[in-house]
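Accompanying notes for the structure given below.
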Amino acid sequence: MNTYVEKLAAPVKELNALAVKNIEELTELQLKTIQENAKVGVESIKNASAITDLEDLQSFLTDQAEVAKQIAEGILANARTVAEMSQGYAAEAREIAESSLKAVK
């Protein structure tokens, strides 16, 4: 009886471990993104407060266009990472489910 219960509980434990791992990775990615964006925001504020003339303003606006481009590239990179993580999670979950079905039979 215990062996049967263990066979039923094992995939649940594996799925929970997989979910926790996925949540940790997503959280790490989010924290990294927040830190990077905060750094960019603070730097932009510092640069904006250093504007003293029209040339400085023009330079600032040009730099902001580059910052926006870098942020957009970061968003795309994060989207790819999340998509890869989702595919990996789905594949591993499917593998756990298939192996647990074989074990129960």
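Tabulated results
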item	result
Residue-count net charge about residue 50 - beta-carbon cut-off 13 Å; Lys, Arg +1, Asp, Glu -1	-4
Pairs of lysines in the chain (C-alpha under 22 Å apart; 8 or more residues apart or interchain)	11
Under 13 Å, Cβ to Cβ, from residue 67 - net charge with Lys/Arg +1 and Asp/Glu -1	-2
MRE, 222 nm, helices only [DSSP H, n ≥ 4, -39500 (n - 2.57), over the chain, to nearest 500]	-35500 deg cm²/dmol
Computed lengthening from residue 29 to residue 78, 0.36 nm per intervening residue step minus Cα-Cα distance	16.9 nm
Rounded percent of accessible protein surface that carbon and sulfur make up, the chain, 1.4 Å probe	60
Per residue accessible area of the chain, 1.4 Å probe, in Å²	79
Helix axis angle, 54-104 relative to the chain longest principal axis, alpha carbon, degrees	0
Surrounding net charge for residue 85, when Lys and Arg each add one and Asp and Glu each subtract one, Cβ distance under 14 Å	-2
Length added when fully stretched, residue 64-residue 99, from 0.36 nm per residue minus Cα-Cα	7.4 nm
Principal-axis tilt of helix 2-49 within the chain, Cα atoms, nearest 10 degrees	0
Rough spin-label spacing in nm, given labels placed 7 Å along Cα→Cβ, for residue 13 and residue 48	5.4
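The values are calculated or read from the model by the stated rules, or taken from the named source; none is laboratory data. Note that the structure is a prediction, hence the values are computed from the model and not measured. Every residue, glycine as well, gets a Cβ built from its backbone with ideal geometry; the counts of neighbours run over all protein chains shown. We work out accessible area using only protein heavy atoms, side chains counted, and drop any ligands, DNA or RNA first. Shrake-Rupley method; radii C 1.70, N 1.55, O 1.52, S 1.80 Å.
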